[in-house]
Amino acid sequence: MKKVIAFLSVVIVIFAAIWVLNVYQQREKLKGNPYKKSSLHSETIAQLDDPNYQNIVLPEELAAQLKDGNDETVYFYSPTCSYCRKTTPIVVPLSNDLGIDLKLFNLLEFEEGWEQYDIEATPTIIHFENGKESARIVGYNEKEVFEQWFEENVLK
């Protein structure tokens, strides 16, 4: 009986150590994150080091830019969206190649964006001129479709 109790104690200690290590690693990864939040969804955490997800915009920053009447092009996405995971590797490098400062708005972390910007589906890219929406494209598309949309609506 003593051996069983000792074995169970060791197993419990190992699981507790794994849990503590996991929590520590998550906290370390969150230090200095661009979302300025102490808690993030695991799908967002997985994207923190991905070069395609570095130009994020916070809700307050976007609202201030639009209130000031600036032109902005914003990619509204969710890390849990399969179409977003297919679209991001297309639109982020494409926007960089075209010289477009494409801001990324994470709707999983900032759910108020769904209603605030009338987002019905992800991915959605909206171009704002003088702080007002001037063009929108929704859903997954081929690279050529996005390129044409950027040229007609952002680079015009």
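The values are calculated or read from the model by the stated rules, or taken from the named source; none is laboratory data. Predicted, not measured: the structure shown is a model, and the values here were computed from it. Methodologically, a virtual Cβ is constructed for each residue, glycine included, from the backbone with ideal geometry; neighbour enumeration extends over all protein chains shown. Keep in mind that these areas ignore ligands, DNA and RNA; they rest on the heavy atoms of the full protein, side chains included. Shrake-Rupley method; radii C 1.70, N 1.55, O 1.52, S 1.80 Å.
Below, the figures for the structure above:
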quantity: Calculated Rg/Rh (Cα atoms, Kirkwood Rh) (choose from (i) 1.17; (ii) 0.93; (iii) 0.96), label; calculated: (i)
quantity: Surface per residue (accessible, 1.4 Å probe) for the range 1-109, Å²; calculated: 61
quantity: With every protein chain in place, the chain: carbon and sulfur % of accessible area (1.4 Å); calculated: 54
quantity: Trp19-Glu111 FRET efficiency (beta carbon distance; Förster radius 25 Å; 0.05 resolution); calculated: 0.35
quantity: Dipole of the chain, positive direction: furthest Cα of Tyr117, Asn153, His41, with charges on the beta-carbon; calculated: His41
quantity: The range 57-75-the range 92-153 distance, computed between alpha-carbon centres (Å); calculated: 12
quantity: Pairs of lysines in the range 50-152 (C-alpha under 17 Å apart; 8 or more residues apart or interchain); calculated: 4
